[in-house]
Amino acid sequence: MTIYGLQTIRLGLVRPLPQSFLKALAQNPPPVPIDRDKAHAQHENYTETLRRYLPEVFSVAVDEAYPDCCFIEDTAIAVGGTVIISRIGAPSRLGESQAVSEVFRGLIKAGHNLTLQELKAPATLDGGDVLQMGKQLFVGLSKRTNAAAIEQLRDLLPDHDVVAVPVSDGLHLKSVLSAGDDETLIAATDPAARPMIDAIMEALPSHARCVLVPDTIAANVLRLGSTLVIQDGFPESRAILQNWVNEWKGELIALNMSEMIKADGALTCCSILLAY
Ligand code: CIR
């Protein structure tokens, strides 16, 4: 199934939420502390949703030493069959990639046609800074992702156009925008997002469009074939996204991820999806 330029997602990786999640990094302490049981239930619901829509979902063993380990998106990026193991920009998270790399090695041994690469120091990169739209890879230059990572990505992905996008505000590039499909950027109306949107729209083909939503967290969506997964609890943004989904007669489902949001996590950050 190929939908609007999206390749079929063959498999996904997730990593369960650790008991230590209460110690996860957060740019600002949430006014209401994280409810761990609720967080577990939300993360399990997310995982079950992926299992419903993807042919295969693998789980990386949880590691209590890493309170943020459920945010697996940051540990590696998958571009077609090339998996690039990252070096996360937060020192306390650097070791998270090891177990993810081992799972990919196991998948390769089991016959998955993947190539494993890795970023090397001094590169640092969080997967949350990487936006893929067709053959273009937009990479946020942020507090977590540096120019050395962008240079290495250019060498590792010679058939892709790797475009650096300065992230002046917020944690990651995808904290304020994400790909609805290869030609549709979903982005927040927040003025802080504007320079990032402009840089991306300028580089995309002229027929690409941008769908703006008023809630910043709702601008991070997860596209699973003909289903668009969005954050629950943001009715204005939901109505806009529902209209867009109606255009291509897709399905919209909303997940409540309130406890991940408290640790700066969005929808894309809890999985690595592979389409190859
Ligand atoms: C962190 O600060 O690294 C985590 N608390 C949140 C990471 C979210 N990752 C993502 O959106 N890709």
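Here are the numbers:
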read-out	value
Residues with amide H under 5 Å from that of residue 180, placed H, sequence gap 5 or more	185, 186
Backbone HN-Hα couplings from phi across the range 183-197 [Karplus 6.51/-1.76/1.60, Hz, Gly and Pro as x]	10, 10, 8, 9, 9, 7, 6, 3, x, 5, 7, 4, x, 5, 4
Dipole-positive endmost among 39, 98, 130 within the chain (Cβ charges, Cα centre)	98
Under Karplus coefficients 6.51, -1.76 and 1.60, residue-wise ³J(HN,Hα) of the range 165-180 in Hz, glycine/proline x	10, x, 9, 7, 9, x, 7, 10, 4, 7, 6, 10, 7, 6, 8, x
Order by protection proxy (mean Cβ within 10 Å, highest first), peptides 28-39, 127-138	127-138, 28-39
Fully extended contour minus Cα-Cα distance, from residue 251 to residue 92, at 0.36 nm per residue	53.4 nm
Total formal charge among the other residues, if their Cβ is under 13 angstrom from that of residue 162, Lys/Arg +1 and Asp/Glu -1	-3
Efficiency of FRET from Cβ geometry, residue 10 and residue 161, R₀ 25 Å, rounded to 0.05	0.60
Descending semi-axes in Å of the range 1-95, equivalent ellipsoid built from Cα gyration tensor	26, 18, 12
Whole-number accessible area per residue in Å² for the range 207-268, which is evaluated in the context of all protein chains at 1.4 Å	38 Å²
FRET efficiency estimate (nearest 0.05) - Cβ-Cβ, residue 102 to residue 51, R0 22 angstrom	0.55
Taking the chain and dividing mean pair separation by its residue count, relative contact order in percent (alpha carbons under 8 Å, at least six apart)	23 percent
Cα gyration tensor, the range 175-276 - rounded (a/c under 1.5), prolate or oblate	rounded
Listed residues 21, 58 arranged by accessible area, highest first, probe 1.4 Å	58, 21
For the range 109-195: accessible area per residue (Å², 1.4 Å)	42 Å²
Percent accessible area from carbon and sulfur atoms, the range 108-237, protein chains only, probe 1.4 Å	51 percent
Spatially near lysine pairs across the chain, Cα under 30 Å, sequence gap of 8 or more or different chains	20
Computed [θ] at 222 nm, helices only, for the chain once each DSSP H run of length n ≥ 4 contributes -39500 (n - 2.57)	-7500 deg cm²/dmol
Calculated from backbone phi, Karplus (6.51, -1.76, 1.60) coupling profile of the range 31-37 in Hz, x at Gly/Pro	x, 10, x, 4, 9, 5, 5
Coordinate range along principal axes, alpha carbons of the range 19-74, Å, largest first	38, 22, 18
Shape call, the chain: gyration tensor on alpha carbons, a/c limit 1.5	rounded
Separation in nanometres of the label points that stand 7 Å from Cα toward Cβ, at residue 201 and residue 62	4.2 nm
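The values are calculated or read from the model by the stated rules, or taken from the named source; none is laboratory data. In this text, all values refer to a predicted model and were calculated from it rather than measured experimentally. Virtual Cβ from ideal backbone geometry, glycine too; neighbours counted across all protein chains shown. With ligands, DNA and RNA removed, areas are computed over all heavy atoms of the protein, side chains included. Shrake-Rupley method; radii C 1.70, N 1.55, O 1.52, S 1.80 Å.
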